[in-house]
Amino acid sequence: SGINAEYGAHISLFCCELVRTTYLNVKSFAFCDSNFIHFPHLHSSLLALNKTNKQNKSMASEIKSSVVAVPPLPRELTVEDLAFLAEYLKTDDLSVAKDRVITLWNSINASDVHLYRCIKEFYFLQPSVSKGDWHKTIIQKYRTEGKRPKWLEVGCAFGTDIRKIISSGWPSEDATALDVVPDYWNLGIQLYGDTPCRFILQDIAKPTSLDDIPQADVIYTSAVFHVLQKEQVFHLVSNMFKLLQPGGLCVGGTIGSEPEGPWVNDRWLHSQSSLKELFESVGFVDVRVISINFENVGRTRSEEFKEMMKIGAGEKRYLVVTGTKH
């Protein structure tokens, strides 16, 4: 009220100028300055707006220069990739699981965490322990016997497999996860939103004290042997035998080679026969090693992974080993 027509017209011009200069597309308010010089309140507002927009433009420039581009996902995520995570999160919406994975990927790339090829392939999203459902047989066996067996996973990484075991009915207080670094375990807590069981930080792929690690009735390890040197694999298998209770079962999965031989970065790939001999040499009995063609493992593989499988002289296979202790 009380605003004359000319004043109102200038306000309209002022509003148009504001619209024109929105979202940091900042230009001078000179047009408005010259027209509103006789309106002190509006003129002081314009000066304040000019100052604020210049500050915002400078801030936007600083933010833009500090942003680090996050690499895209190495490959498209499949339904199989997201199924367990969605189940664990108790959601039917796979987009919820996918968002978690993208957030995790951003966190990994913002850190100095070493990325193994299997991590870049997102293999950690699919539980390996549930292949063939042998874990259900083990759980049912101990339930029938009325025992409280102990589970130890060596090389737990993100903790996907041990979460699968616990969600299948294994008591969390009877499960222990072990790894040589804490990074993946902590990222797994971020991914799944919980701490499923006790975690032990220790390298047992060398001569070391095992006093702080509980004896176990089942020891499981997956995708560990093939990232180690030959001597390290020997110490790891030997220490797993020492940690296994009499009557217990050890199960492992690894990339292998026919024949055995060196691989990338001084790693060693065992063959079906050499892995069996190794397990028997440290005391395991009833040792069986199954050799599987990679085409039958049932996972999406990138071209980079396929090229990696060509390194070394032998044909790459996937080996599954089992052994018991009398």
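The values are calculated or read from the model by the stated rules, or taken from the named source; none is laboratory data. This structure is a prediction, so every number in the text was calculated from the model and none was measured. Positions of Cβ are generated from backbone atoms using ideal geometry, with glycine treated the same way; all protein chains shown enter the neighbour counts. Keep in mind that these areas ignore ligands, DNA and RNA; they rest on the heavy atoms of the full protein, side chains included. Shrake-Rupley method; radii C 1.70, N 1.55, O 1.52, S 1.80 Å.
The residues of the range 189-222 that are in contact (Cβ under 8 Å) with a residue 40 or more places away in the chain and buried (at least 21 other Cβ atoms within 10 Å of the Cβ), listed by number, are 191, 204, 216, 218, 219, 220, 221, 222. The single condition from (1) open to solvent by less than 10 Å² (accessible area, probe 1.4 Å); (2) under 25 Å from the mean Cα position of the chain (by Cα); (3) not basic (Lys, Arg) that residue 308 fails is (1). Of all residues in the range 77-95, none satisfies being closer than 19 Å to residue 225 by Cα and either in contact with a helix residue (DSSP H, G or I) (Cβ under 9 Å, 6 or more places away or on another chain) or not β-branched (Val, Ile, Thr) (or both).
The listed residues are 245, 272, 229, and the only one of them that is open to solvent by 60 Å² or more (accessible area, probe 1.4 Å), at pLDDT 95 or above, under 21 Å from residue 162 (Cα atoms) and not hydroxyl-bearing (Ser, Thr, Tyr) turns out to be 245.
So that you can scan it fast, the table gives a plain yes or no per residue for (1) outside any strand (DSSP E or B); (2) modelled with pLDDT under 95; (3) of a type in the set (S, T, N, Q); (4) closer than 23 Å to residue 210 by Cβ:
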position	(1), (2), (3), (4)
141	yes, yes, no, no
147	yes, yes, no, yes
157	yes, no, no, yes
161	yes, no, no, yes
165	yes, no, no, yes
178	no, no, no, yes
189	yes, no, no, no
194	yes, no, no, no
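For residue 80, are the conditions met, namely being at pLDDT 80 or above and part of a helix (DSSP H, G or I)? Against the criterion (at pLDDT 80 or above and part of a helix (DSSP H, G or I)), residue 80 qualifies.
Under the condition of being closer than 26 Å to residue 204 by Cα and open to solvent by 90 Å² or more (accessible area, probe 1.4 Å), the residues counted in the range 130-159 number 2.
The set of residues in the range 83-119 that are out of contact with any Gly (no Cβ under 9 Å at 6 or more places or on another chain), in a helix (DSSP H, G or I), open to solvent by 70 Å² or more (accessible area, probe 1.4 Å) and of a type in the set (D, E, K, R) comprises 87, 98, 99. The single residue among 257, 274, 209, 238 that is over 21 Å from residue 171 (Cα atoms), in a strand (DSSP E or B) and more than 24 Å from the chain's Cα centre (by Cα) turns out to be 257. Among the conditions (1) open to solvent by less than 40 Å² (accessible area, probe 1.4 Å); (2) hydrophobic (A, V, I, L, M, F, W, C); (3) more than 19 Å from residue 158 (Cα to Cα), the only one that residue 251 does not satisfy is (3).
For beta carbons closer than 8 Å, sequence separation of 6+ or different chains, a first residue in the range 132-152 that is farther than 17 Å from residue 163 by Cα and a second that is among the acidic types (Asp, Glu) and open to solvent by less than 60 Å² (accessible area, probe 1.4 Å), the qualifying pairs are 142/217; 147/217; 148/174. Within the range 254-268, being buried (at least 18 other Cβ atoms within 10 Å of the Cβ) and hydrophobic (A, V, I, L, M, F, W, C) holds for 255, 263, 268. In the range 275-290, of all residues being among the acidic types (Asp, Glu) and over 18 Å from residue 229 (Cβ atoms), the one that is most open to solvent (accessible area, probe 1.4 Å) corresponds to 286.
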